[in-house]
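K.L.:
Quick one: the structure is below, and I'll ask about it shortly.
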Amino acid sequence: MIADFARTAVAPALAALEAHRVEIGHRRIVELFADDPARAQTFRAQLGDLTFDYSKQRATGATLAHLFNLARAAHLEIRRDALFSGEAVNLTEKRAAMHMALRDFTGGPALVEGRDVTADVLVERAKMLTFAKQVREGALRGSTGERFTDVVNIGIGGSDLGPAMAARALSPYRGDGPRTHFVSNVDGADLADTLKNLDLARTLFIVSSKTFTTQETMTNAASARARVAARLGEKAVGDHFAAVSTKLDLVGQFGVKPERVFGFWDWVGGRYSLWSSIGLALAISIGPKHFEDFLRGGADADKHFAQSPMEENIPVLMGLLGVWHRNVWGHGSQAVIPYDQRLARFPAWLQQLDMESNGKCVTREGEPVVMATAPVIWGEPGTNGQHAFFQMLHQGTDVVPVDFLIAAQPSDADARHHDLLFANCLAQSEALMTGRTLNEAQAALSAQGLSESEIARLAPHKVFPGDRPSSTFLYRKLDPRTLGRLLALYEHKVFVQSVIWNVNAFDQWGVELGKEMCSKLAPVVGDASASLDGLAPATAALIAQRRELMG
Ligand code: F6P
């Protein structure tokens, strides 16, 4: 392993980091604050009103210097520039990953493999936003002449998680626009439960699929189509469906009117597609102006990532601190805790972004990766998580670095709730860092008047190891621009880590095998008389048992 590792270009920089860990590993984060009284002001970076505070990380100025050396050894800046110049950085699929062109307001050029795509992007965006406006204002109506009160996006993965997360996050910006719903799972309960209380005459469906072949989406779309045809007649289908895809020929076969088909391009990865026409449900929900503000937020983060020096560059800092956790300290997971109920789907969105991008075990050249890649990303909104898994964060045997996200201002007017939310967020990150020693625990119990034997019995349970690292994002308000900034910062953080690990962040071959096996199994599962011969024994046994259970 060591020998393999030594072959990598980043090996000396990582070895230096490892030696540095041994040097500073015994120092607690609270001591780092004592050493450097300005730490709370200096260990932070800024993008507009958004602050990235990493002062509660187990890192010193020397740590950062080592991490920047690592980034240089991995040619981070060269690789970043290749990304922004529209080179085919997705080597296996021979494509650029130029989602930044979708949110570019400079007037271009935005090059994709040498071709300026600015005009294409603007035309498609204008078409999509005009449609969104018409739906919102009731200029486009259903087959019976009624306004659309509900929009159902049918998609999965990147064609669902981004719009679903953002529509919920920005729900205060909906005004009197239609309600949006998201159906993704091939489990029929998802579609059935969503449609239960909707009037199909007032419902618009958007079939969102980059490939327009994804089993779940096509199955849900066909079922929704059948329901519309049954309730409103076959002719009504065209009035109740729109579609977003890169495969315009396949969309045509489904029966969507050409003027309701919105395209994008294969240089936009699924998990980076919210900024494209895949954002249609979001654009209908919040309206064109707010959608453009959201794009501008993404553009702010692009400029910041492309131009800021490493010391002030938030995605670089986020990515490198993640590498410090993963590769030097060996932390296997990373929690993200938005103190914002409307960001409830943010961890799920980030799971796809991070784990589908960097959950790889071969390098860009197809060699085995010799260091750990994507950690497990997980989380839930605070304060709910505090009453569920925070016990483990504070006293469990594994250290889990945390990202906290919080707005200064509430989205709703209730300041008292937000003060409590804010206090909880700060209290948790501080408690994770400071912990509580045995002496402190004993003193607290003694102050409560407990006997010596009770103190001895209880005190060990009341010890908090502390020294658990976290970063905090603080921003004025969760508005469209801020959300755009946050999402694009995380996108670039994932890219930074892919560069250090030398994996291709833009393909996802790992999702294929299960899909292939399912396409072979589905006919066997669906036909109770089909032979089970030749199936893997465990699979055959479970199908047989299911047949028995189904009678
Ligand atoms: O799960 C794999 C994946 O290809 C994702 O990358 C993608 O976001 C999702 O499926 C949906 O794909 P499509 O938009 O083509 O339906």
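The values are calculated or read from the model by the stated rules, or taken from the named source; none is laboratory data. Bear in mind that the values here come from a model prediction, so they are computed numbers and not experimental data. For neighbour counting, all protein chains shown are included, and Cβ atoms are generated from backbone atoms with ideal geometry for every residue, glycine included.
K.L.:
Name the strands (runs of 3 or more DSSP E) wholly inside segment 241-343 in which the number of residues that are under 19 Å from the mean Cα position of the chain (by Cα) and closer than 18 Å to Thr118 by Cα is 3 or more.
P.N.:
Of the strands (runs of 3 or more DSSP E) lying wholly inside segment 241-343, none has at least 3 residues that are under 19 Å from the mean Cα position of the chain (by Cα) and closer than 18 Å to Thr118 by Cα.
K.L.:
Taking the options Val244, Val316, name whichever one is more than 22 Å from Phe148 (Cα to Cα), of a type in the set (Val, Ile, Thr) and either at pLDDT 95 or above or out of contact with any Asp or Glu (no Cβ under 8 Å at 6 or more places or on another chain) (or both).
P.N.:
Selected residue: Val316, the only one of Val244, Val316 that is more than 22 Å from Phe148 (Cα to Cα), of a type in the set (Val, Ile, Thr) and either at pLDDT 95 or above or out of contact with any Asp or Glu (no Cβ under 8 Å at 6 or more places or on another chain) (or both).
K.L.:
Where the second residue is modelled with pLDDT of 95 or more and assigned to a loop (DSSP other than H, G, I, E, B) and the first is in the same structural domain as Met517 (by TED's automatic domain parsing) and lies in segment 527-541, which pairs have Cβ atoms under 7 Å and are six or more apart or on separate chains?
P.N.:
Close Cβ pairs (under 7 Å, with a partner that is modelled with pLDDT of 95 or more and assigned to a loop (DSSP other than H, G, I, E, B)) amount to Ala540/Leu532.
K.L.:
Mind checking whether some residue in segment 211-219 is free of Cβ contacts under 8 Å to residues at least 40 places away in the same chain, touching a strand residue (DSSP E or B) at 6+ places or on another chain (Cβ under 8 Å) and within 13 Å of the ligand (Cβ to nearest atom)? Lay out the reasoning, then the answer.
P.N.:
Taking segment 211-219 first, the residues free of Cβ contacts under 8 Å to residues at least 40 places away in the same chain are 211, 213, 218-219.
Now restrict to residues that are touching a strand residue (DSSP E or B) at 6+ places or on another chain (Cβ under 8 Å): 211.
This time we only want the ones that are within 13 Å of the ligand (Cβ to nearest atom), so: 211.
Yes, because at least one residue in segment 211-219 is free of Cβ contacts under 8 Å to residues at least 40 places away in the same chain, touching a strand residue (DSSP E or B) at 6+ places or on another chain (Cβ under 8 Å) and within 13 Å of the ligand (Cβ to nearest atom).
K.L.:
Which one of these is farther than 30 Å from Gly379 by Cβ, out of contact with any Asp or Glu (no Cβ under 8 Å at 6 or more places or on another chain) and of a type outside the set (Val, Ile, Thr): Arg202, Arg147, Arg168, Arg174?
P.N.:
Arg147
Results for (1) crowded, with 19+ Cβ neighbours inside 10 Å; (2) touching a strand residue (DSSP E or B) at 6+ places or on another chain (Cβ under 8 Å), shown as yes or no for each residue.
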| site | (1), (2) |
| --- | --- |
| Pro37 | no, no |
| Leu70 | yes, no |
| Arg80 | yes, no |
| Lys94 | no, no |
| Ala97 | yes, yes |
| Val117 | yes, yes |
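K.L.:
May I pose another question? If a residue must be buried (at least 17 other Cβ atoms within 10 Å of the Cβ), part of a strand (DSSP E or B) and more than 16 Å from the ligand (Cβ to nearest atom), how many such residues does segment 166-205 contain?
P.N.:
4
K.L.:
Are there any pairs with C-beta distances below 9 angstrom linking a residue in segment 432-457 that is among the acidic types (Asp, Glu) to a residue that is part of a helix (DSSP H, G or I) and modelled with pLDDT of 95 or more, with the two at least 6 apart or on different chains, and if so which?
P.N.:
Glu440/Lys462; Glu452/Ser446; Glu454/Leu445
K.L.:
Against the definition (in contact with a Gly (Cβ under 6 Å, 6 or more places away or on another chain), within 14 Å of Trp267 (Cβ to Cβ) and surrounded by 18 or more Cβ atoms within 10 Å (Cβ to Cβ)), how does Val112 come out, yes or no?
P.N.:
The answer is yes for Val112.
K.L.:
Go through segment 420-472 and give me each residue that's among the hydrophobic types (A, V, I, L, M, F, W, C), more than 25 Å from the chain's Cα centre (by Cα) and within 17 Å of Val400 (Cβ to Cβ).
P.N.:
Ala431, Met433, Phe464
K.L.:
Please state which one of Glu380, Glu356 is surrounded by 18 or more Cβ atoms within 10 Å (Cβ to Cβ), outside the structural domain of Leu170 (by TED's automatic domain parsing) and closer than 30 Å to His461 by Cα.
P.N.:
After applying the criteria, what remains is Glu380.
K.L.:
Still on this structure: Quick check on segment 414-432. Is at least one of its residues assigned by TED's automatic domain parsing to the domain that holds Leu483 and under 17 Å from Arg326 (Cα atoms)? Please lay out each step first, then the result.
P.N.:
In the first step, residues of segment 414-432 are kept if they are assigned by TED's automatic domain parsing to the domain that holds Leu483; the result is 414-432.
Okay, now just the ones that are also under 17 Å from Arg326 (Cα atoms), so none.
The answer is no; no qualifying residue exists.
K.L.:
Considering only segment 536-550, I want to know if a residue exists there that is within 16 Å of the ligand (Cβ to nearest atom), farther than 30 Å from Arg342 by Cα and of a type in the set (Asp, Glu).
P.N.:
no
K.L.:
Test Pro469 against the criterion of being surrounded by 19 or more Cβ atoms within 10 Å (Cβ to Cβ), touching a Lys or Arg at 6+ places or on another chain (Cβ under 6 Å) and not aromatic (Phe, Trp, Tyr), and give yes or no.
P.N.:
For Pro469, the condition - surrounded by 19 or more Cβ atoms within 10 Å (Cβ to Cβ), touching a Lys or Arg at 6+ places or on another chain (Cβ under 6 Å) and not aromatic (Phe, Trp, Tyr) - is met.
K.L.:
Taking the conditions exactly as written (surrounded by fewer than 18 Cβ atoms within 10 Å (Cβ to Cβ), farther than 23 Å from Ala505 by Cβ, at pLDDT 95 or above and of a type in the set (Asp, Glu)), does Glu216 satisfy them or not?
P.N.:
Here the answer is no, as Glu216 does not meet what is asked.
K.L.:
How many residues does segment 128-165 contain that are within 16 Å of the ligand (Cβ to nearest atom) and either assigned to a loop (DSSP other than H, G, I, E, B) or outside the structural domain of Ile278 (by TED's automatic domain parsing) (or both)?
P.N.:
Of the residues in segment 128-165, 3 are within 16 Å of the ligand (Cβ to nearest atom) and either assigned to a loop (DSSP other than H, G, I, E, B) or outside the structural domain of Ile278 (by TED's automatic domain parsing) (or both).
K.L.:
Would you mind telling me which numbered condition in (1) under 17 Å from Asp120 (Cβ atoms); (2) aliphatic (A, V, I, L, M); (3) more than 16 Å from the ligand (Cβ to nearest atom) Ala236 fails?
P.N.:
Among (1) under 17 Å from Asp120 (Cβ atoms); (2) aliphatic (A, V, I, L, M); (3) more than 16 Å from the ligand (Cβ to nearest atom), the lone unmet condition for Ala236 is (1).
K.L.:
Filter segment 309-360 down to the residues that are of a type in the set (Ser, Thr, Tyr) and either within 16 Å of the ligand (Cβ to nearest atom) or without any contact (Cβ under 8 Å) to a residue 60 or more places away in the chain (or both) and list them by number.
P.N.:
Ser357, the sole residue that qualifies.
K.L.:
Regarding segment 185-199, can at least one residue be identified that is at positive phi and touching a Ser or Thr at 6+ places or on another chain (Cβ under 8 Å)?
P.N.:
Looking for residues that are at positive phi and touching a Ser or Thr at 6+ places or on another chain (Cβ under 8 Å), one finds none in segment 185-199, hence no.
K.L.:
Separate question: Sort out which residues of segment 25-70 are closer than 18 Å to Gly322 by Cβ and in a helix (DSSP H, G or I), and write them in order of number.
P.N.:
Ile29, Thr63, Leu64, Ala65, His66, Leu67, Phe68, Asn69, Leu70
K.L.:
Which of the residues spanning segment 283-307 are more than 16 Å from Tyr490 (Cβ to Cβ) and among the aromatic types (Phe, Trp, Tyr)?
P.N.:
Correct list: Phe291 only.
K.L.:
Exactly one condition in (1) assigned to a loop (DSSP other than H, G, I, E, B); (2) touching a helix residue (DSSP H, G or I) at 6+ places or on another chain (Cβ under 7 Å); (3) over 21 Å from Val376 (Cβ atoms) is not met by Ser529; state its number.
P.N.:
Status for Ser529: all satisfied but (2).
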